[in-house]
Amino acid sequence: MKSFLPHDIKDENRKIIFDIVMQHPELAKVEITKKTAMSFVTVSKIVQYFEQLGILVPTGESRDGSGGLGRKRTVYRFNENRYASIGLQVIGGQITAVLINLHCNVLYTYSIDTGIPFYNEEFIGVFKNIVCRMSEKAEETGSKIVGVGIGVDGAINNRNKTIRMRVQNDKEGDYFFEPIIEKLKMAVGLPIILENDVNASTVAEYRKIEDQENGLEDLIHISLGEGVGAGMILNKKLHRGVHASAGELEYMCFDPDYIKAPHSVGWLEGKLGMRALLNQFDLSLDSGREAFVEYVSKHLALIITNINSLLDVGTIIISGKTALLYPEELLARTQAYVKQFTDWEPFIIVSRSSHSTAVGAANLVLQDRMMEIISG
């Protein structure tokens with residue numbers, strides 16, 4: 001049995017109450033106590049600490065005790081704008097930035113097309129300007145920015161500390177990301193988390209569904225666009241793998257004779273990447289669109305079947321430029337092929353969420369930093 005030190009118990013209690021007040025924005029101490037197994041004294045200390053942090057604010061209202069008897073109970077309101085984080089979606093030279101609060105509501109959005117890739121030295125100045133703009137917006141809502149999450153369209157290798165990104169002519173290059181992140185940290189004086197763009201958007205998609213459906217444990221998110229990737233939530237946690245390369249679908253292969261050339265994209269991306277598809281199908285013709293949907297949905301169903309044969313996940317989300325060209329047709333054909341290939345019938349939906357990579361990246365850094373803040 002795992003033993004808990006007093007400090008561990010204190011942190012766990014604070015996390016429990018933090019989750020409660022997020023779900024129930026206005027509560028008195030006694031009402032919080034009833035939702036936990038803690039004593040009123042313990043709850044009072046944590047509420048007082050959260051009040052010092054500005055997470056909880058007295059509303060000025062009070063409620064009667066049970067049956068109208070007893071002392072008045074001070075009501076506290078959860079201050080969702082007390083802390084905020086910045087999320088960046090960086091795809092090529094296109095950047096979308098969002099500012100989110102503790103409920104992951106987007107307070108501000110800003111987009112810019114610089115043509116400057118993430119690994120370029122000039123990106124630092126662009127990044128600093130974006131953070132300054134977001135900081136000004138945060139001041140308007142009384143929010144304190146706690147960190148920046150960056151979602152980048154590249155394969156992150158935590159062992160080698162490299163990020164593999166597409167450069168040109170369907171070639172890829174590896175870049176050491178630690179020196180880049182350190183320079184960005186120095187430029188803005190904030191903690192920074194770097195995440196693969198699909199992993200980040202998976203967090204946002206999961207959070208959105210979780211808010212609507214209690215008990216969601218697992219989720220597979222497949223993104224089809226310039227590249228091909230997937231993100232996985234398993235047991236309510238983002239699964240990155242040993243080298244943080246879980247979900248790199250571009251290397252999935254259904255051809256036993258295929259040999260990957262050095263620095264080229266993987267087999268599946270060579271088949272389902274947007275550039276390859278547009279070279280193969282004429283979407284100005286009805287026949288081209290029909291062939292496009294048939295081709296993509298058949299490969300997509302193979303991906304879902306193979307992933308699900310290992311993980312048995314009930315919810316599959318499809319997103320990206322490719323999926324949004326003909327979402328209804330693609331979804332219907334993919335569901336039909338999955339049913340043809342297997343006895344399982346997972347719940348498959350096409351997501352039309354915007355800026356999900358930026359929102360997910362902001363969410364990741366916000367979760368990480370808030371655990372540090374409430375632990376003191």
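The values are calculated or read from the model by the stated rules, or taken from the named source; none is laboratory data. Since the structure is predicted, the reported quantities are computational estimates derived from the model, not experimental observations. Here the Cβ is made from the backbone with ideal geometry for all residues, glycine too, and neighbour counts use every protein chain on show. Just the protein is used for accessible areas: all its heavy atoms, side chains included, with ligands, DNA and RNA removed. Shrake-Rupley method; radii C 1.70, N 1.55, O 1.52, S 1.80 Å.
A few remarks follow.
- Top-ranked residue in the stretch 337-346 [being surrounded by fewer than 17 Cβ atoms within 10 Å (Cβ to Cβ) and touching a residue at least 24 places away in the same chain (Cβ under 8 Å); ranked as farthest from residue 284 (Cα to Cα)]: 344
- The condition of being closer than 30 Å to residue 98 by Cα, open to solvent by less than 10 Å² (accessible area, probe 1.4 Å) and β-branched (Val, Ile, Thr) holds for only one of 322, 334, 315, that being 322.
- Looking only at residues of the stretch 26-62 that are among the small types (Gly, Ala, Ser) and open to solvent by 50 Å² or more (accessible area, probe 1.4 Å), we find that the one that is farthest from residue 73 (Cα to Cα) is 37.
- Given (1) of a type outside the set (Asp, Glu); (2) within 24 Å of the chain's Cα centre (by Cα); (3) open to solvent by 80 Å² or more (accessible area, probe 1.4 Å), index of the condition residue 252 fails: (3)
- Hits in the stretch 304-329 - residues which are part of a helix (DSSP H, G or I) and within 17 Å of residue 226 (Cβ to Cβ): 321, 322, 323, 324, 325
- Qualifying residue in the stretch 289-299 (condition: among the hydroxyl-bearing types (Ser, Thr, Tyr) and either crowded, with 18+ Cβ neighbours inside 10 Å or in a strand (DSSP E or B) (or both)): yes
- Of all residues in the stretch 185-194 being in contact with a Lys or Arg (Cβ under 8 Å, 6 or more places away or on another chain) and closer than 16 Å to residue 364 by Cβ, the one that is surrounded by the most Cβ atoms within 10 Å (Cβ to Cβ): 192
- The residues in the stretch 330-376 that are in contact with a Pro (Cβ under 8 Å, 6 or more places away or on another chain) and outside any helix (DSSP H, G or I) can be counted, and the count is 2.
- Considered as a group, the residues in the stretch 110-154 that are part of a loop (DSSP other than H, G, I, E, B) and among the hydrophobic types (A, V, I, L, M, F, W, C) include one that is least open to solvent (accessible area, probe 1.4 Å), and that residue is 118.
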